[in-house]
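Beneath this line is the structure, given in structure tokens, with notes to follow.
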Amino acid sequence: MLRKPVVLITGAGGEIGHGLITRLAASGRQRIVTLDLTRLDPEIGKMVTREFTGSILDTALLERILAEFEIDLVFHLAALLSTRSEFTPIMAHQVNVEGMLTLLEFAQKEGESHGRPVVFVYPSSIAAYGLPDAETRATAGRVHEDQHTSPTTMYGCNKLYCELLGTYYARHYKQLSASPAASRVDFRALRFPGLISAATLPSGGTSDYAPEMLHAAARGEAYDCFVRPDTRIPFMAMPDAVEALLKVAAAPRWQLTRTAYNVGAFNPSAEEIRTKVLEAFPGAEIGFDIDTKRQGIVDSWPADVDDSAARADWGFSPAYGFDRAFTEYLLPAIKARYEHEAGTPIAER
Ligand code: SER
């Protein structure tokens, strides 16, 4: 019996999954199989061929997926984000690292069974960086992939190690065995900045202040930002993040000089984000109530990243700068979303 060719998305119910599935389904070119701990939003669920509910650590479930589907492409999105991981570091290790190992082994087996490499796309993070102090951060400029990779968070350690694990599977898998099993994993990681989506809110991240500020204002709720007004880290609008995942997945192998690439789009301060949100929602109440511990995490991340390798190797080119992200994507989509939810135009509430 022939297995059906599909793309597998883990953590499909999360923020990136939501955007990626919507975009993939619109192109109509690939059938999608998903894995998540909980059921997908019905709106997203109807876009996929098959939805598996369960853990990425459940090897019996993965065997079932392998038996039924032929997978050439994996987007392994399942993870616990940085703030959440600090509260439950053991669980973070299990999900973020052991889950990754299970999925890489699954991809290797899948590739062995159909005789072609499985492209394995992995969202890494600016959390993979760790800048030691404010002075280094202020003078670091646009940080290159190989600089300052000493993360201080559990999540950052997990992400950096998973990049190494992926690279091991792609380049050195079982290098000492008598008959080396040819690597069947073609690993490609993107170090994402903070992501901002109009459709969903992240949960458990430390860059969450930007999307939270915007969504609170659109809902007419007051919000206190938990980092200082001058805090500056890179961000990206979700459509560019999704586009980047698809682009790196589709790039010819020979064009890739690295396994992990920085990608960035704009890097406003928290105050600049607040100003932009206030321009759109003049009545919004946005204050600052600084959480010094979460501030410490953000302060260990670079203020900007050097993404020239991604631009040169596979044509990364984000469509949305700071202004355009708001005027052409975030604001129209977010206003439509909350008006639709409340059944009342925001202007009239
Ligand atoms: N957005 C993520 C977080 O804040 C960073 O990758 O955890």
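The values are calculated or read from the model by the stated rules, or taken from the named source; none is laboratory data. Please read all numbers here as calculations on a predicted model, not as lab measurements. A quick note on method: Cβ atoms are made from the backbone with ideal geometry, for glycine too, and the neighbour counts reach across all protein chains shown.
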Looking only at residues in the stretch 76-88 that are assigned to a helix (DSSP H, G or I) and surrounded by fewer than 22 Cβ atoms within 10 Å (Cβ to Cβ), which one is nearest to the ligand (Cβ to nearest atom)?
83
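A quick yes/no check of all residues on (1) farther than 27 Å from residue 77 by Cα; (2) assigned to a loop (DSSP other than H, G, I, E, B); (3) away from the ligand (no atom under 16 Å from the Cβ):
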| position | (1), (2), (3) |
| --- | --- |
| 261 | no, no, no |
| 279 | yes, no, yes |
| 287 | yes, no, yes |
| 296 | no, no, no |
| 319 | no, yes, yes |
How many residues are closer than 25 Å to residue 318 by Cα, within 14 Å of the ligand (Cβ to nearest atom) and of a type outside the set (Ser, Thr, Tyr) if we restrict to the stretch 214-243?
7
Restricting to the stretch 142-169, name every residue that is over 23 Å from residue 306 (Cβ atoms) and either surrounded by fewer than 23 Cβ atoms within 10 Å (Cβ to Cβ) or away from the ligand (no atom under 16 Å from the Cβ) (or both).
165, 168, 169
Among the residues of the stretch 300-307, are any of a type in the set (D, E, K, R), within 16 Å of the ligand (Cβ to nearest atom), outside any helix (DSSP H, G or I) and surrounded by fewer than 22 Cβ atoms within 10 Å (Cβ to Cβ)?
yes
Sort out which residues of the stretch 198-213 are within 15 Å of the chain's Cα centre (by Cα) and within 11 Å of the ligand (Cβ to nearest atom), and write them in order of number.
202, 203, 204, 205, 206, 207, 208, 211
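Within the stretch 301-316, does at least one residue satisfy the condition of being hydroxyl-bearing (Ser, Thr, Tyr) and within 29 Å of residue 84 (Cβ to Cβ)?
Keep residues of the stretch 301-316 that are hydroxyl-bearing (Ser, Thr, Tyr), which gives 308.
Those left that are additionally within 29 Å of residue 84 (Cβ to Cβ): none.
Scanning the stretch 301-316 turns up no residue that is hydroxyl-bearing (Ser, Thr, Tyr) and within 29 Å of residue 84 (Cβ to Cβ).
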Exactly one of 101, 37 is surrounded by fewer than 20 Cβ atoms within 10 Å (Cβ to Cβ) and either at pLDDT below 95 or out of contact with any Ser or Thr (no Cβ under 8 Å at 6 or more places or on another chain) (or both), and that residue is 101
Checking the structure you have, find out if any residue of the stretch 20-39 is closer than 25 Å to residue 159 by Cβ and among the basic types (Lys, Arg).
yes
Name the single residue that is surrounded by the most Cβ atoms within 10 Å (Cβ to Cβ) among those in the stretch 56-71 being touching a residue at least 24 places away in the same chain (Cβ under 8 Å) and farther than 14 Å from residue 105 by Cα.
69
When the stretch 235-284 is examined, which residues are found to be more than 24 Å from residue 298 (Cβ to Cβ) and acidic (Asp, Glu)?
243
Enumeration of residues in the stretch 20-34 that are crowded, with 24+ Cβ neighbours inside 10 Å and not hydrophobic (A, V, I, L, M, F, W, C):
34
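State all residues of the stretch 154-182 that are aliphatic (A, V, I, L, M) and farther than 15 Å from residue 105 by Cα; if no residue qualifies, say none.
First pass over the stretch 154-182, keeping only residues aliphatic (A, V, I, L, M): 154, 160, 164-165, 170, 176, 178, 181-182.
154, 160, 176, 178 - these are the residues of the stretch 154-182 that are aliphatic (A, V, I, L, M) and farther than 15 Å from residue 105 by Cα.
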Residue that is exposed (fewer than 13 other Cβ atoms within 10 Å of the Cβ), within 30 Å of residue 147 (Cα to Cα) and not hydroxyl-bearing (Ser, Thr, Tyr), where the choices are 312, 270:
312
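Conditions tested, residue by residue: (1) of a type in the set (Asp, Glu); (2) part of a helix (DSSP H, G or I); (3) closer than 19 Å to residue 262 by Cβ; (4) in contact with a His (Cβ under 9 Å, 6 or more places away or on another chain).
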{"site": "90", "(1), (2), (3), (4)": "no, yes, no, no"}
{"site": "95", "(1), (2), (3), (4)": "no, yes, no, no"}
{"site": "98", "(1), (2), (3), (4)": "yes, yes, no, no"}
{"site": "107", "(1), (2), (3), (4)": "no, yes, no, yes"}
{"site": "111", "(1), (2), (3), (4)": "no, yes, no, no"}
{"site": "123", "(1), (2), (3), (4)": "no, no, yes, yes"}
{"site": "149", "(1), (2), (3), (4)": "no, no, yes, no"}
Hey, any hits in the stretch 170-193 for a residue that's away from the ligand (no atom under 16 Å from the Cβ), among the acidic types (Asp, Glu) and loosely packed, with under 14 Cβ neighbours inside 10 Å?
no
